[in-house]
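Visitor: Dumping the structure here so I can ask a few things about it.
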Amino acid sequence: MLTYITIYFLYGLAFFSMGIVVALEGGRSSDERLRKALRPLLGFGVVHGIHEFLKMFDVILIELGHTSHPYLVGVELAMLAFSFLSLAAFGAFLLSKTETAQRISLIVPLALETIWVFGLAVFRGLYSPAEMLSVADVWTRYSLAIPASVLAAIGLVAQQRAFRHAGLVRFGQDSLWA
């Protein structure tokens, strides 16, 4: 169990630290579109990091012989969903070149949230309450995490091109690696 605690701690620390670094350095960009896009990335990093810390505390409670409180599990699921929706907003915003497209890009996380909620409603009728927590966690990862990650990766590739056109080759390489 110590291994899981260490993994959750380091994983949470990595995301939380990323969010803090984005908060501290994100406002320095001369590209206004990039500054705006980094706001949801900040939300993703901090919220996802806290989510992982809560999972770590769940493991500690189980190790001590306690059980997780159902409300805490619900909060963890909501935080997980919010973090992935923030990541989707980051990717969609990076792909939006105009002010109008940036406003429309907010539809992407709303559409993902709609699919997620609809899926939860369908699964609620198919699974018992005891199974539903595991099903909801898996559904959240498949319906939100995968599309959000792909969208963020495509957005970073697009940002890499923008950096190269601006003569910032090193930033473009870093964006591509990210």
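The values are calculated or read from the model by the stated rules, or taken from the named source; none is laboratory data. Note that the structure is predicted; figures quoted are calculated from it, not measured. Please note: Cβ atoms are built from the backbone with ideal geometry, for glycine as well, and neighbour counts cover all protein chains shown. Just the protein is used for accessible areas: all its heavy atoms, side chains included, with ligands, DNA and RNA removed. Shrake-Rupley method; radii C 1.70, N 1.55, O 1.52, S 1.80 Å.
Visitor: Expressed as a whole number of Å, what is the distance separating the alpha-carbon centroids of the range 7-55 and the range 92-112?
Guide: Their Cα centres are 19 Å away from one another.
Visitor: A follow-up question, please. If the elastic network links every pair of Cα atoms under 10 Å, which of Ser96, Ser17, Ser68 fluctuates the most in the Gaussian network model of the chain?
Guide: Between Ser96, Ser17, Ser68, it is Ser68 that shows the largest mean-square fluctuation.
Visitor: Quick check: the angle from helix 146-165's long axis to the longest principal axis of the chain, C-alpha only, nearest 10 degrees?
Guide: With rounding to tens, the tilt is 20 degrees.
Visitor: Say we join alpha carbon atoms closer than 10 Å with springs in a Gaussian network model of the chain; which of Glu113, Glu52, Glu25 then has the biggest fluctuation?
Guide: Sorting by GNM fluctuation, first place goes to Glu25.
Visitor: Run the accessible area of the chain with a 1.4 Å probe and give the carbon-and-sulfur part as a rounded percent.
Guide: 70
Visitor: Further question on the same structure: Using label points projected 7 Å from each Cα along Cα→Cβ, tell me how many nm separate Leu10 and Arg35, to one decimal.
Guide: 3.7
Visitor: Here are several values of Kirkwood radius over Cα pairs in Å: (i) 16.4; (ii) 19.2; (iii) 17.5. Which one was derived from the coordinates shown?
Guide: Comparing each candidate, only (iii) matches the computed number.
Visitor: How tilted is helix 2-25 with respect to the longest principal axis of the chain? Cα atoms for both, answer in degrees (0 to 90, nearest 10).
Guide: The answer is roughly 30 degrees.
Visitor: Here's something else I'd like to know. Answer rounded, prolate or oblate for the range 1-61, using the Cα gyration tensor with square roots of eigenvalues a ≥ b ≥ c: rounded when a/c is under 1.5, else prolate when a/b is larger than b/c, else oblate.
Guide: Verdict is prolate for the range 1-61.
Visitor: What length, rounded to one decimal in nm, is gained on full extension from Leu24 through to Leu2, with 0.36 nm per residue of separation minus their alpha-carbon distance?
Guide: 4.7 nm
Visitor: Take Ile62 and Arg124, extend 7 Å from each Cα along the Cα→Cβ direction, and tell me the distance between the two endpoints in nm.
Guide: Taking the simple label geometry, Ile62 and Arg124 are separated by 2.5 nm.
Visitor: Tilt of helix 70-95 relative to the longest C-alpha principal axis of the chain, in degrees (0 to 90, nearest 10)?
Guide: Once rounded, one gets 20 degrees.
Visitor: Moving on to the next point. With n ≥ 4 as the cut-off for DSSP H runs, can you work out [θ] at 222 nm for the chain, using -39500 (n - 2.57) per run divided by the number of residues, rounded to the nearest 500?
Guide: -28500 deg cm²/dmol
Visitor: Residues of the chain: accessible area per residue at 1.4 Å, in Å²?
Guide: Ligands and nucleic acids excluded, the figure is 59 Å² per residue.
Visitor: If you don't mind, there's one more thing I want to ask. Would you tell me the accessible area of Val117, worked out with a 1.4 angstrom probe on the heavy atoms of the protein chains, in Å² to the nearest 10?
Guide: 80
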